[in-house]
Each structure stands twice: as C-alpha cells, then as structure tokens.
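Participant: My structure is below; once you've seen it, I'll send some questions.
The values are calculated or read from the model by the stated rules, or taken from the named source; none is laboratory data. If you're wondering where the values come from, they're calculated on a predicted model, not measured in any experiment. No Cβ is skipped: glycine too gets one built from the backbone with ideal geometry, and neighbour counts run over all protein chains shown. The accessibility values were calculated without ligands, DNA or RNA, using every heavy atom of the protein model including side chains. Shrake-Rupley method; radii C 1.70, N 1.55, O 1.52, S 1.80 Å.
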Amino acid sequence: MQDIRRKYVIPGEVVARGNLRAEANVIRRGDKIISTRVGMAEIGHDVVRVVPLSGPYIPRIDDLVVGKVIDYSAFAWEVDINSCFFGILPAQSVFGRDYSPARDSLTEKLAIGDIIATKVIAFDRTRDPLLSISGPGLGRIPRGQVIRISPAKVPRLIGKKGSMIRAIENGCGCRLLVGQNGVVVIVGSAEGMLKAVQAVNLVEEEAHSVDLLEKVEKLMGTTSSLKEESKSSISPSQIKDELEPDESSTSVAKPNDSIKSIGTSTLPDTDVYGNQT
Amino acid sequence: MGKQGGDSTSLINSQGLRLDGRRFDELRPVSIEVGVLKNADGSAYIQFGKNKIMAAVYGPKEVHPKHSALADRSLLRCRYHMSPFSTEERKNPAPSRREIEISKVIREALEPALILEDYPRTAIDVFVEVLQSDGGSRCAGINAASVALADAGINMRDLVCACAAGKIAGQIVLDIDDTEDKEGQADLPIAIMPTSNRVTLFQLDGQLSNEEFSKAFNLALEGCKSLYQMQREALIRKYFGKDGNEAGEQ
C-alpha cells in the first residue's frame, strides 16, 4: 500500500516505464505503459493500473448489476444492464436443467419491464454478457426507486468497505442496492427515498471531494432529524420484511447483508479513494 | 480550389504582423471546455479564434441499422456540420459535399487513436457542430472531438490534436484563418497523436516547394503540441479541479 504512487493521467499519457504488469486501462508501447483513460494512475512496484473517472459500464465477471428485462425469446431473457452490451439471462438458469420451452413459460418468472438484481457470470466482449439470478440477494426487485449514476462513480457511492452506503442507509432508513453498472435501487419510505436520492446525487456530483462522507452525513443530519429516529426505529428484521416481496413466489429475498457483501467484495477499486479521505 | 494568392502584400504588414496582429508563428487564442453537454456521454466546446465548435460523443451503444455492426470492433461514425447561422450568409443546413468530406477526414483522423476493438458490435457517434466558423474549423473540430471522446471514457491510445500551417504573402505561417485561407497561397492542416508522434490527418491545398513544405509541416507540428497542452489542461480542469496541476504526482 505504501509504495503505490498515484498520478492523474489522460489518454496517451505515459504512466510508467519498464517491466511492470499492465493491469487495467493501460496499454504497453515499447517499454512505456500508456493510459487509455482519464483517471488516477496507480503505480505499484510491479503493477500499473488506471482507475477511470468517466466512461460506460463494461461488464466484468461476478459483477452485481441491476437490469431491466426488455425482451425474451423461447430460451432467454434480454436484459438492459446500462451498458453497450445487452445481458442474456438463459431460461435454463432460472427454471433448471430440465427447462422445456414447450412446458414452461418465461413470463411466469419475469416479464418485460421487470427490474432484476443479477450477476454477470460470463463475458469476454465477443459475446453478450451472460447473467444469472441464482444466488442470495438476486432476482426480481418488486418495488423501489431506480436511479442511475455514472458507473465510474459506483466505488465512491459504495465507499470504503460499504461506508458510504451505510451512511445513506442509516441516514434515511432506506435500503440501497447499488449495481456495478451504475443503477441504484432505493427501497424505503417515501420521505426516506427522497432523501436517499438527494444523497446519491450529492455523491455523484461531488465524487471528487475529499470530505464526501462528512457532506453526506451533514445532508442526512440537517435536512431533518430522521437520522436519530431511523437508527433506533428500524431494526434489521423490519428491513428484511420491507424487502420481502408481497407475492412470495417469484423473487428471492434480499437480506441486507448479502447486498452489501456483494457490493463490496466485487470492488477492488474502492480503496483507491480510501487513502485520500 | 487552387490558391491564387491574390492581394498578398496586405496579409503581412511591414512589421511582419498579420491582419489580426499575430506573428508568423502565433496561434489564435484557444479555449477548450470539457463536459458542457449533459445529455451526451462526452462533450467539449472549443473556441479557436472566431471558430466556436461543439463536439458531442454518444456511445458506445447498440448499432442501428443492425447490419452495419462490425463483429470485431466498434463502428465509428462522425458528422461534421455547420449550423445555418455559422457563416456570414445563411448556410443551407443540408450536408454539403464539403461537410461530407470533412466528416470522413475527421473520422479517419480520430480512428487510429481509439481502441475500437474493445467495443465490438457497438457504435460510437461523434458530432462536430460548427456554431460560428472561421478558417481551420476541421482542425478545431478534431481537437474538440478528441477531448470529447476522452470525456466519454472511451479507451484511447492517445489524444489527437490538429493544427494548420500555410503560406501567405510568400511566407510560411502557423494557423491560417478564413481570410488568409482565401487570399493566401497554401493551407496545410495536419492532425497528430502527440505521444506516439503519428500523423492522422494530412491535407494540402495549394503549392509548396520542398523547403517550404518542411518548414510548414514543422510549424504545424509545433502548433499541434501547443494544442495538446491546452487539451490536457482542459481535461485536468474538468476532472481534477484546480488542485490537478500541483497534485499531478503524489
């Protein structure tokens, strides 16, 4: 950690020279390692990578993403995951191995327009990303508010070890589900959701500022006294109830811990900003 | 459109200054602003002398019509367009032969800098809208478009910066404006990738001797290098704020 050098770079800029491993968003030209993005370069003693500050969402295996079902065929759903590639959710992965298009109807499980929490299980840029909804915390999201932020700012919204999510959740008594693709689902009371949207927008607008967590906490504290109330009044079991769908058949319940753990575990980028804060 | 070199004596006065008071190796004032359009994925606004140009980038996104998608890389589409109010006389907004050609050369100038293989079966749209025109709008447009592409977060090998040199009143000068283009003897717009030192756009309108040519080319290269610094500053200002310059290395 100590021997990582950081530096702002723009595309084409030489990040480092020599025999280093080019990890992410960098290309090699001769002995130079060149950034392909605007971002923060991290130069370790044997690895170089650039954490981009803008850009589209490019799926990565094991990412938790929030998507919208936009179409289905006899064998799969097509899911808009806020990327230039559409996600494919095969019917077999939902119905099981013995899925038969003659017997099972895809619309029983997921209809067009449904919002789902899903995981990328395969993607290599030459084929569309393959999704799965089997796993804890995955499946149809019955209610909540969907907002979008820039995918490059997702690590900031999650915060170091989920600290930012936790601050927002505690501040407004809502649950946040943050997809790596920049789609955020907020579930909670009407006022709480309004406040959470404000907080998420603040994070997006001021993603670069060093005291972001304090700003968010201030927003949470000053706009109303909800912070104190929510801390005492909402217990984990209540939250779980809230997230549980009314119709228990379709979707997988989302215990809040699993959401967080998925969010943070897939995030190697998080502590990039950690050192600054 | 051969250059005739009309009333060439008045283009440079006795002190060696040009019509707008510039020296032979001086650029017009340039300012670049990044991320000015909220609805585009990436955008930039450049003022290059009297040129005012907006560049917007959309994508990567799915391709329509679908049959034009490429299996191994992204499809780069480019539109250079002059607004009806960009010229002294109203310009017909329909794309002219000239605009179609410039769209093509801008696309070809940007293409080598982009890593299109990273986004197969998608399209990237680049719009270069000239709001007010002076000479050298293709170069200004390339500068803005390249910054807008970086703003959109598309993987790039390098930025692209462009600048023209030319010959007026028998002398090689940097950055030809509209009058100098019309009255002068030659115009040489080039675009380069500054870190890898490659030329991506190269046009010459008029006639230059070998010697004049190398002089003009080197002058234009110097112009491109100054533009690179301005592009860099614009990006750093947008993304890293004012602390960007000193905090370059931590």
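Participant: Within segment B:127-140, is there a residue that is over 12 Å from the mean Cα position of the chain (by Cα), facing chain A (nearest Cβ under 9 Å) and not acidic (D, E)?
Facilitator: No, segment B:127-140 has no match at all.
Participant: Inspect all residues belonging to segment A:91-99 and state whether any of them is outside the structural domain of A:A199 (by TED's automatic domain parsing), open to solvent by less than 30 Å² (accessible area, probe 1.4 Å) and either in contact with a Pro (Cβ under 8 Å, 6 or more places away or on another chain) or at pLDDT 95 or above (or both). Show your work before the answer.
Facilitator: Going residue by residue through segment A:91-99, those that are outside the structural domain of A:A199 (by TED's automatic domain parsing) are A:91-99.
Keeping just the survivors that are open to solvent by less than 30 Å² (accessible area, probe 1.4 Å) gives A:91, A:96, A:99.
If we keep only those that are either in contact with a Pro (Cβ under 8 Å, 6 or more places away or on another chain) or at pLDDT 95 or above (or both) as well, we get A:91.
The answer is yes; a qualifying residue exists.
Participant: Which of the residues that make up segment A:200-210 are assigned to a helix (DSSP H, G or I) and open to solvent by 20 Å² or more (accessible area, probe 1.4 Å)?
Facilitator: Going residue by residue through segment A:200-210, those that are assigned to a helix (DSSP H, G or I) are A:200-205.
Correct list: A:N201, A:L202, A:E204, A:E205.
Participant: Among the residues of segment B:93-112, is there at least one that is within 14 Å of chain A (Cβ to nearest Cβ) and open to solvent by 10 Å² or more (accessible area, probe 1.4 Å)? Can you show your working first?
Facilitator: To start, the set of residues in segment B:93-112 that are within 14 Å of chain A (Cβ to nearest Cβ) comprises B:110, B:112.
So of that shortlist, the ones also open to solvent by 10 Å² or more (accessible area, probe 1.4 Å) come out as B:112.
Scanning segment B:93-112, I find at least one residue that is within 14 Å of chain A (Cβ to nearest Cβ) and open to solvent by 10 Å² or more (accessible area, probe 1.4 Å), so the answer is yes.
Participant: Return yes or no: is B:R28 exposed (fewer than 15 other Cβ atoms within 10 Å of the Cβ), more than 14 Å from chain A (Cβ to nearest Cβ) and among the basic types (K, R)? Spell out how you get there, then give the answer.
Facilitator: On the way: exposed (fewer than 15 other Cβ atoms within 10 Å of the Cβ): no; more than 14 Å from chain A (Cβ to nearest Cβ): yes; among the basic types (K, R): yes.
Against the criterion (exposed (fewer than 15 other Cβ atoms within 10 Å of the Cβ), more than 14 Å from chain A (Cβ to nearest Cβ) and among the basic types (K, R)), B:R28 does not qualify.
Participant: Go over the candidates A:D80, A:D63 one by one and state the one that is surrounded by 21 or more Cβ atoms within 10 Å (Cβ to Cβ), under 30 Å from A:L176 (Cα atoms) and either away from chain B (no Cβ under 13 Å) or at pLDDT 90 or above (or both).
Facilitator: Selected residue: A:D63, the only one of A:D80, A:D63 that is surrounded by 21 or more Cβ atoms within 10 Å (Cβ to Cβ), under 30 Å from A:L176 (Cα atoms) and either away from chain B (no Cβ under 13 Å) or at pLDDT 90 or above (or both).
Participant: Got a sec? Which of A:P151, A:P136, A:P155, A:P142 is at pLDDT below 95 and loosely packed, with under 15 Cβ neighbours inside 10 Å?
Facilitator: On the way: A:P151 fails: loosely packed, with under 15 Cβ neighbours inside 10 Å; A:P155 fails: loosely packed, with under 15 Cβ neighbours inside 10 Å; A:P142 fails: loosely packed, with under 15 Cβ neighbours inside 10 Å.
None of the other options fit; the residue is A:P136.
Participant: Of the conditions (1) open to solvent by 20 Å² or more (accessible area, probe 1.4 Å); (2) within 11 Å of another protein chain (Cβ to nearest Cβ); (3) within 30 Å of A:G144 (Cα to Cα); (4) in contact with an Asp or Glu (Cβ under 8 Å, 6 or more places away or on another chain), A:K68 satisfies every one except a single condition; which number is it?
Facilitator: For A:K68, the exception is condition (2).
Participant: What number of residues in segment A:83-124 are without any contact (Cβ under 8 Å) to a residue 60 or more places away in the chain and within 14 Å of chain B (Cβ to nearest Cβ)?
Facilitator: Looking only at that region, the number is 6.
Participant: Same structure, new question: Would you tally the residues in segment B:125-147 being closer than 9 Å to B:I53 by Cβ and of a type outside the set (A, V, I, L, M)?
Facilitator: The number of residues fulfilling the criteria is 6.
Participant: Could you figure out which of (1) small (G, A, S); (2) within 12 Å of another protein chain (Cβ to nearest Cβ); (3) more than 14 Å from A:P155 (Cβ to Cβ); (4) open to solvent by less than 40 Å² (accessible area, probe 1.4 Å) isn't true of A:A24?
Facilitator: Evaluating A:A24 over (1) small (G, A, S); (2) within 12 Å of another protein chain (Cβ to nearest Cβ); (3) more than 14 Å from A:P155 (Cβ to Cβ); (4) open to solvent by less than 40 Å² (accessible area, probe 1.4 Å) leaves (3) as the failure.
Participant: Another question, then. Hey, does segment A:1-12 have a residue that's in contact with a Ser or Thr (Cβ under 7 Å, 6 or more places away or on another chain) and more than 10 Å from chain B (Cβ to nearest Cβ)?
Facilitator: no
Participant: Looking only at residues that are modelled with pLDDT of 90 or more and in a loop (DSSP other than H, G, I, E, B) in segment A:118-133, which one is farthest from A:C84 (Cα to Cα)?
Facilitator: Taking segment A:118-133 as the starting set, the residues that turn out to be modelled with pLDDT of 90 or more are A:118-123, A:129-133.
Applying the additional criterion that residues be in a loop (DSSP other than H, G, I, E, B) yields A:123, A:129, A:133.
Numbers: A:F123: 13, A:P129: 11, A:I133: 21 Å.
Looking at the filtered set, the residue picked out is A:I133.
Participant: Mind checking which residues of segment A:184-199 are open to solvent by 10 Å² or more (accessible area, probe 1.4 Å) and not in a helix (DSSP H, G or I)?
Facilitator: Our first condition is that a residue be open to solvent by 10 Å² or more (accessible area, probe 1.4 Å); within segment A:184-199, this holds for A:187-191, A:193-195, A:197-198.
The answer is A:V187, A:G188, A:S189.
Participant: On the basis of being open to solvent by less than 50 Å² (accessible area, probe 1.4 Å), away from every other protein chain (no Cβ under 14 Å), out of contact with any helix residue (DSSP H, G or I) (no Cβ under 7 Å at 6 or more places or on another chain) and under 26 Å from A:V51 (Cα atoms), does B:A216 make the cut? Working first, answer last.
Facilitator: Values: open to solvent by less than 50 Å² (accessible area, probe 1.4 Å): yes; away from every other protein chain (no Cβ under 14 Å): yes; out of contact with any helix residue (DSSP H, G or I) (no Cβ under 7 Å at 6 or more places or on another chain): yes; under 26 Å from A:V51 (Cα atoms): no.
Criteria not met by B:A216.
Participant: Scan segment B:188-202 residue by residue and report those that are open to solvent by less than 40 Å² (accessible area, probe 1.4 Å) and away from every other protein chain (no Cβ under 13 Å). Don't jump to the end; show me each part of the working.
Facilitator: Residues of segment B:188-202 that are open to solvent by less than 40 Å² (accessible area, probe 1.4 Å), as a first pass: B:188-194, B:196, B:200-201.
If the condition is that a residue be open to solvent by less than 40 Å² (accessible area, probe 1.4 Å) and away from every other protein chain (no Cβ under 13 Å), then B:L188, B:P189, B:I190, B:A191, B:L201 are the ones that fit.
Participant: Please go through segment A:31-47 and give me each residue that is within 8 Å of another protein chain (Cβ to nearest Cβ) and open to solvent by 10 Å² or more (accessible area, probe 1.4 Å), ordered by number.
Facilitator: Within segment A:31-47, A:R37 is the sole residue that qualifies.
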